[in-house]
Amino acid sequence: MSKNLFRKEVASIKPYIPGKSVDELKKELGLEDIEKLASNENPLGPSTKAIEEIKKELDSIHIYPDPNCTKLKDKLCEKYNLKHENIVVGNGGEELLKIIAQTFINEGDEAIMAKPTFGKYASEVLFMGGVAHQIELKDYKHDFDKFIQKVNDKTKLIYICNPNNPTGNIMTKDDIDYLVKNTPKDVVLVFDEAYYEYAIKNDKYPDSLEILRKRPNTIILRTFSKVAGIASLRIGYLLTSSEITKAMNKMKMVFHVNRLAQAAGIGALNYDDHINKTVELNYECMSKMEKYFEENDMEYIKSNSNFIFVNTGVDSKVVFEKLLKKGILVRPGYFWELKTWLRVSIGTKEQTEKFIDALQKVL
Ligand SMILES: Cc1ncc(COP(=O)(O)O)c(C=O)c1O
């Protein structure tokens, strides 16, 4: 190629390496079953209410979806006591993270985030020509003192992944209050609460809506991909001030949230029982894993999400490959430069037993 056709930011982005599909892996490894404990999905699947709502829409898929997600926003307004003007719905949290960067980041603008954390924050900022300051975790938590030191006139966004992915632990109300108190009001705080329903079981988890009510430059991101069990439909939402939604709505595509996703989202919001059952199972299975780790002297991070981060003490690439041959798919820590760690999604009771049994044999 004689001239560089691509935007210069394209070169700064590390390509996302998606895992192979379960079907592909089964074929490749000659396995009948693979337990996928790699993407923090709901092992119980979607609620019956979500499925019912999807079925009602199946005959209308030739008609474009509602670009404003009106009915879903009605439900969210009821739930959070907010107005439509405070909500942006997106094609998964991922799309919303892209829109956030597109809305705020000019070339040279800065954003602050933890390291390791959810990779999309940095990649979207870099893609807009911004600077992504990735601050090493301290005692496996966001190091807010260092975040605060990094703030300057160019700082637009601070990302707080709470609970953090891949570590699974939370920043407490006191931690967040400290950050809010020491951050200028014209810096946007982005609270990524993808695992909110699991996290609120910890009574130290902060109330970010209360922060939003007092501090308009605040964004709260939630998703239907985790506890609601509809990851493949791609739908999430964010809550923020009307000024921010007005700007963000200019950046979104018109028909970006499909009809079935909107319907399933409404169904999911109508069914707390499914959420409660999912969260209860999650902590029951997680405690079995913790017990195994403790009995085998493995360091792990206390999690308030639907996955757990554990130090196996040996090369995670090798453990990952050996577990896969036994039909267990996890996320190896070398992705985050933590070579001996594994991130394991919490599955059903059977999946948990299979994982523990396989890990025991592999180690
Ligand atoms: C912390 C965090 N934020 C956002 C997302 C995006 O989720 P989705 O695009 O499925 O809504 C994920 C998904 O794994 C996540 O872990």
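If each residue of separation counts as 0.36 nm, what is the full-extension length gain between Lys8 and Tyr283 once their alpha-carbon separation is subtracted? Walk me through the intermediate numbers first.
On the way: separation 275, 0.36 × 275 = 99.00 nm, distance 4.51 nm.
The Lys8-Tyr283 span can extend by a further 94.5 nm.
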For the chain, built as a Gaussian network whose Cα springs stay under 10 Å, the top-fluctuating residue of Glu110, Glu193, Glu294:
Glu294
In the structure displayed, which of Lys181/Lys226; Lys73/Lys288; Lys83/Lys204 lie more than 29 Å apart, Cα to Cα?
Lys181/Lys226; Lys73/Lys288
For n ≥ 4 DSSP H runs only, could you compute -39500 (n - 2.57) per run for the chain, divide by its residues and tell me the 222 nm figure to the nearest 500?
-12000 deg cm²/dmol
Could you name the aspartates and glutamates in cross-link range of Lys325, using Cα to Cα under 12 Å and dropping any fewer than eight places away on the same chain?
Glu28, Glu32, Asp33, Glu35
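Sequence gap at least 6, Cα distance under 8 Å: using those rules, report the relative contact order of the stretch 212-363 to the nearest whole percent.
16
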Give the lysines reachable from Lys185 as a straight Cα distance under 20 Å; neighbours fewer than 8 places away on the same chain don't count.
Lys146, Lys150, Lys154, Lys156, Lys173, Lys214, Lys246
Find the relative contact order for the chain and round it to a whole percent, using C-alpha pairs within less than 8 Å whose residues are 6+ positions apart.
23
If we count other beta carbons within 10 Å of each Cβ, what is the order of Met286, Met248, fewest first?
Met248, Met286
Cα-based equivalent ellipsoid, the stretch 208-250: semi-axes from gyration tensor eigenvalues, Å
23, 14, 4
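Subtracting the Cα-Cα distance from 0.36 nm times the residue separation, let me have the gained length for Arg213 to Tyr334 in nm, one decimal.
So the extension gain works out to 39.6 nm.
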Simple spin-label estimate for Leu44/Val318, 7 Å along Cα→Cβ, in nm, reads 3.9
Distance (nanometres) between label positions extended 7 Å along Cα→Cβ at Glu94 and Asp272
3.2
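Want the number for Asp139 to Glu295: 0.36 nm per residue separation, take away the alpha-carbon distance, what's left?
Gain on extension, Asp139 to Glu295, equals 53.9 nm.
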Of the DSSP beta bridges with both residues in the stretch 48-271, give the percent that are antiparallel, rounding to the nearest 5.
35
Between the stretch 287-344 and the stretch 1-67, how many Å separate their Cα centres?
23
Please list 268-280, 312-324 highest first by mean number of surrounding beta-carbon atoms within 10 Å per residue.
312-324, 268-280
Using every alpha carbon pair in the stretch 48-271, what percent of pairs falls into each 5 Å bin from 0 up to the bin containing the largest distance?
1, 7, 15, 19, 20, 16, 11, 6, 3, 1, 0, 0
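Tell me the net charge near Leu82. Cut-off is 10 Å between Cβ atoms, Leu82 excluded, with +1 for each Lys or Arg and -1 for each Asp or Glu.
Here the count lands on +2.
Values in this text are rule-based calculations from the coordinates and carry no lab data. None of these values were measured; they are calculated from a predicted model. Note: ideal-geometry Cβ built from the backbone for every residue, glycine included; neighbour counts use all protein chains shown.
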